[in-house]
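Colleague: Take this structure first; my questions come after.
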Amino acid sequence: MSKDTSDLSSTTGRVTAASPDVPTPPVSDATPVPAADVLVVTGDVVLVAAPPALLARLGAEAIGSFVLVLVGLGVALYTTLSGAGTLGVALAFGLALTAGMLAFGHVSGGHFNPAISLGSAIVGRLTWRDLVPYWLAQLVGAALAAAALYLTIPTALPTLVASGTETTTQQFFASTASGFDAHSPLSLLSTGQVTFGLLPALLIEVIAVAVLVGIFLAVTSHRAQRSLAPFAVGFSYAVLLLVAAPISNGALNPARASAAALFSGSGALGQLWVFWVAPLVGALIAGLAYRAFASEPTDDLADDFADEDEVELDQVTA
């Protein structure tokens, strides 16, 4: 070709077809994202597909995680004042996740959860080299949201809510943390007479996260109607939280669990490992099951819930 096309690498679009004279490798739903720019010649038209830059995707994950934790933990923190209850907290998390996926799904995939990022990497929709940066962005966004909420708590409020019993701000915030045994919601309700132990907490987190990640992978596939994916994932997250909340205070998200534990004292931090290990095991199960049983299309680029817009670029003469 007589025209240099290197300046086209930043243009986003969808590869739609190729000339019969130019062989193109098959791509599938398991194509890693982000991948290198794809250059396909269709006669005299060049089509280039390029994912958003890593920094943009990390920013989207951080902001989405911030919104998720701000809304979800915010409702949970002040539920004694608002009367939202467990249902209100679950709906807050679910609606925040739906909004985040609608706003940022086309940029980063709309994970906002290390477990979902791991599942996406296992099936090949996220490159392994981007997994840890995704986790760090999610942790930063979630931690900043928890810090903002912690700073909103009036000094006298914890003792007032506790009916005059002297309570610190940290103890008040600890109601949002996930835990088991003495830190389980059941233990607080029964004043320590009955608790959910380690095994129920591990089991419910593994199973619920496996279901959540499996649903995410299924509804964000190119075979699905992906415009409905945010609603399916958000609704599923809310329902699964209703199941897990009485047992472990329902994390199903290591970033959310870490953010709450950071401001909840040594008890929550000491149990945090459970809310990393169990969700990642659940994500591993879901990812491997999806690879084993889900058939993959071979005629589309997987962009992990990215919008697909067709773009024709400059005409190139041979």
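The values are calculated or read from the model by the stated rules, or taken from the named source; none is laboratory data. Please read these numbers as outputs of a predicted model, since none were measured by experiment. Cβ: placed from backbone, ideal geometry, glycine included. Neighbour counts: every protein chain shown.
Colleague: Only one of these is within 17 Å of Phe180 (Cα to Cα) and either surrounded by fewer than 19 Cβ atoms within 10 Å (Cβ to Cβ) or touching a strand residue (DSSP E or B) at 6+ places or on another chain (Cβ under 8 Å) (or both): Leu228, Leu203, Leu241. Name it.
Modeller: Step by step, each of Leu228, Leu203, Leu241 is checked, and only Leu203 is within 17 Å of Phe180 (Cα to Cα) and either surrounded by fewer than 19 Cβ atoms within 10 Å (Cβ to Cβ) or touching a strand residue (DSSP E or B) at 6+ places or on another chain (Cβ under 8 Å) (or both).
Colleague: While we're here: For Thr169, are the conditions met, namely being over 30 Å from Gly287 (Cβ atoms) and surrounded by 15 or more Cβ atoms within 10 Å (Cβ to Cβ)?
Modeller: yes
Colleague: Evaluate the following for Arg291: is it of a type in the set (D, E, K, R), modelled with pLDDT of 95 or more and not in a loop (DSSP other than H, G, I, E, B)?
Modeller: Considered against the rule, which asks whether it is of a type in the set (D, E, K, R), modelled with pLDDT of 95 or more and not in a loop (DSSP other than H, G, I, E, B), Arg291 comes out as no.
Colleague: Return the pair list, or none, for Cβ contacts closer than 6 Å from residues in the range 62-84 that are within 17 Å of Pro114 (Cα to Cα) and touching a residue at least 60 places away in the same chain (Cβ under 8 Å) to residues that are assigned to a helix (DSSP H, G or I) and of a type in the set (S, T, N, Q), at least 6 apart or on different chains.
Modeller: Ser65/Gln138
Colleague: Every residue in the range 52-61 that is part of a helix (DSSP H, G or I) and touching a residue at least 24 places away in the same chain (Cβ under 8 Å), please.
Modeller: Leu54, Ala56, Arg57, Leu58, Gly59, Ala60, Glu61
Colleague: Under 9 Å by Cβ, and 6 or more places apart or on different chains, what pairs join a residue from the range 263-277 that is on the phi > 0 side of the Ramachandran plot and free of Cβ contacts under 8 Å to residues at least 24 places away in the same chain with one that is among the aromatic types (Phe, Trp, Tyr) and buried (at least 16 other Cβ atoms within 10 Å of the Cβ)?
Modeller: Within 9 Å, no pair qualifies.
Colleague: Here are Phe104, Phe112: which of them is on the phi < 0 side of the Ramachandran plot and out of contact with any strand residue (DSSP E or B) (no Cβ under 6 Å at 6 or more places or on another chain)?
Modeller: Phe104
Colleague: Okay, moving on. Restricting attention to the range 49-88, which residues are of a type in the set (Val, Ile, Thr) and closer than 17 Å to Ser258 by Cα?
Modeller: Within the range 49-88, Ile63, Val67, Val69, Val71 meet the criteria.
Colleague: When only residues in the range 224-258 that are aliphatic (A, V, I, L, M), in contact (Cβ under 8 Å) with a residue 40 or more places away in the chain and not in a helix (DSSP H, G or I) count, which is nearest to Pro279 (Cα to Cα)?
Modeller: Looking at the filtered set, the residue picked out is Leu252.
Colleague: A follow-up question, please. Residue under question is Gly119, and the condition is that it be farther than 19 Å from Ala56 by Cβ and in contact with a Leu (Cβ under 8 Å, 6 or more places away or on another chain); does it hold?
Modeller: yes
Colleague: Conditions: (1) outside any helix (DSSP H, G or I); (2) without any contact (Cβ under 8 Å) to a residue 60 or more places away in the chain; (3) buried (at least 16 other Cβ atoms within 10 Å of the Cβ); (4) not basic (Lys, Arg). Gly179 meets all but one. Number of the miss?
Modeller: It is condition (2) that Gly179 fails.
Colleague: Something else: With the checklist (1) without any contact (Cβ under 8 Å) to a residue 40 or more places away in the chain; (2) in contact with a Pro (Cβ under 9 Å, 6 or more places away or on another chain); (3) crowded, with 16+ Cβ neighbours inside 10 Å in hand, flag the one item Leu160 doesn't pass.
Modeller: Failing condition for Leu160: (3).
Colleague: A follow-up question, please. Given (1) within 24 Å of Leu203 (Cβ to Cβ); (2) assigned to a loop (DSSP other than H, G, I, E, B); (3) not basic (Lys, Arg), where does Leu186 come up short, assuming only one miss?
Modeller: (2) is the only condition that Leu186 fails.
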